[in-house]
Amino acid sequence: MRVRKAVLPAAGFGTRFLPATKAIPKEMIPLVDRPIIQYAVEEAVASGIEQIIIVIASGRSAVEEHFDSHPGLESWLEERGDIEMLRVVRRISEIGPIAFVHQKEQLGLGHAVLMAKELVGDEPFAVLLSDDVMLNPGGKPVTEQLIEQYQAHRGSMIAVQRVPRDDVDRYGIVAPLHQEGRLVEIDDLVEKPSVADAPSDLGVLGRYILSPKIFDKLETTQRGAGGEIQLTDAIRALSAEQPVFGYQFEGVRHDAGTRLGWLKANIAMSLESDLADEVRAYVRSLDLRD
Ligand code: G1P
């Protein structure tokens, strides 16, 4: 079955970014020149996704407004003759059909994904966590890589990469059964284990292709790590019934979900942008001695 739909959760409190996220969701924080979530939406579309479902917190409209048209701004840009920016702004609202669903209570990532159950229906779907910004210049987008693997192996597919041993408690961690090339057969998964308890250093990064059966599992998943309903726990339950694989994707992941990761991502990504020369000159000019 084709993977046509993608769910992008954007309803968390963004506690790692407070107070910046008091009034706006963390997905609206910009990276270079666009909000973090726009990179994930663009990746989904470039991967062949036809329907995007964004889960937002009730009463929070910034993400919805960002992907809506803005006639006032558009006519102002048109009058000023700023056709280039007009194109940029229009392209955002023409990106494709985006549906919004509300999460009334912030009960965790798994619960956020569950909110999309009716819109996804009975078909496999992608999940993209936008604070993992995945870039693969010149190659296939990470979501597309996972979709291809899903088609080839007929099992749910999770993006994995090795993470520093000391950081395993920030991730879902996979216990591999067997690895062949980039494909990892998963024996077990655990959300945010302690360094001592981690079954490996293979971390789950925010891209998934999931069987719709995950919704049954999410409905019965109890609160886990951090008191939240965890997607990882539901995938663990799914893996007892259906094949679940990890895929060591090609590409670079920027962690825009922490302050330091976000700062690094801004520097790295601006060095790939039209600002590159000026950023390089600025960084060189800094006195970096302790
Ligand atoms: C979420 C997932 C976790 C995954 C991580 C990747 O955690 O629950 O399994 O490893 O994203 O970024 P969060 O960062 O939302 O705490």
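The values are calculated or read from the model by the stated rules, or taken from the named source; none is laboratory data. Source: prediction; values computed, not measured. Positions of Cβ are generated from backbone atoms using ideal geometry, with glycine treated the same way; all protein chains shown enter the neighbour counts.
The table for this structure:
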read-out: Subset of segment 33-50 that is in contact (Cβ under 8 Å) with a residue 60 or more places away in the chain and surrounded by fewer than 17 Cβ atoms within 10 Å (Cβ to Cβ) - its residue that is farthest from the chain's Cα centre (by Cα); value: ASP33
read-out: Inter-residue pairs, beta-carbon under 8 Å, first part of a helix (DSSP H, G or I) and in segment 86-110, second modelled with pLDDT under 95 and of a type in the set (Ser, Thr, Tyr), 6+ apart; value: ARG90/SER69; SER93/SER69
read-out: Subset of segment 262-290 [within 16 Å of the ligand (Cβ to nearest atom) and in contact (Cβ under 8 Å) with a residue 60 or more places away in the chain]; value: TRP262, ALA265
read-out: Test for VAL195: is it closer than 24 Å to ARG16 by Cα and either touching a residue at least 60 places away in the same chain (Cβ under 8 Å) or within 12 Å of the ligand (Cβ to nearest atom) (or both); value: no
read-out: Failed item in (1) away from the ligand (no atom under 16 Å from the Cβ); (2) within 24 Å of LYS213 (Cβ to Cβ), with VAL127 passing the rest; value: (1)
read-out: Conditions (1) more than 16 Å from the ligand (Cβ to nearest atom); (2) assigned to a helix (DSSP H, G or I); (3) not basic (Lys, Arg); number of the one not met by GLU43; value: (1)
read-out: Conditions (1) near the ligand (Cβ under 10 Å from one of its atoms); (2) closer than 25 Å to PRO137 by Cβ; number of the one not met by GLY181; value: (1)
read-out: Test for ALA11: is it at pLDDT below 95 and within 26 Å of LEU146 (Cα to Cα); value: yes
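Residues checked against (1) surrounded by 14 or more Cβ atoms within 10 Å (Cβ to Cβ); (2) more than 28 Å from LYS5 (Cα to Cα); (3) not aliphatic (A, V, I, L, M):
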residue: GLU219; (1), (2), (3): no, no, yes
residue: GLN222; (1), (2), (3): no, no, yes
residue: GLY226; (1), (2), (3): no, yes, yes
residue: SER273; (1), (2), (3): no, yes, yes
residue: ALA276; (1), (2), (3): no, yes, no
residue: ASP287; (1), (2), (3): no, yes, yes
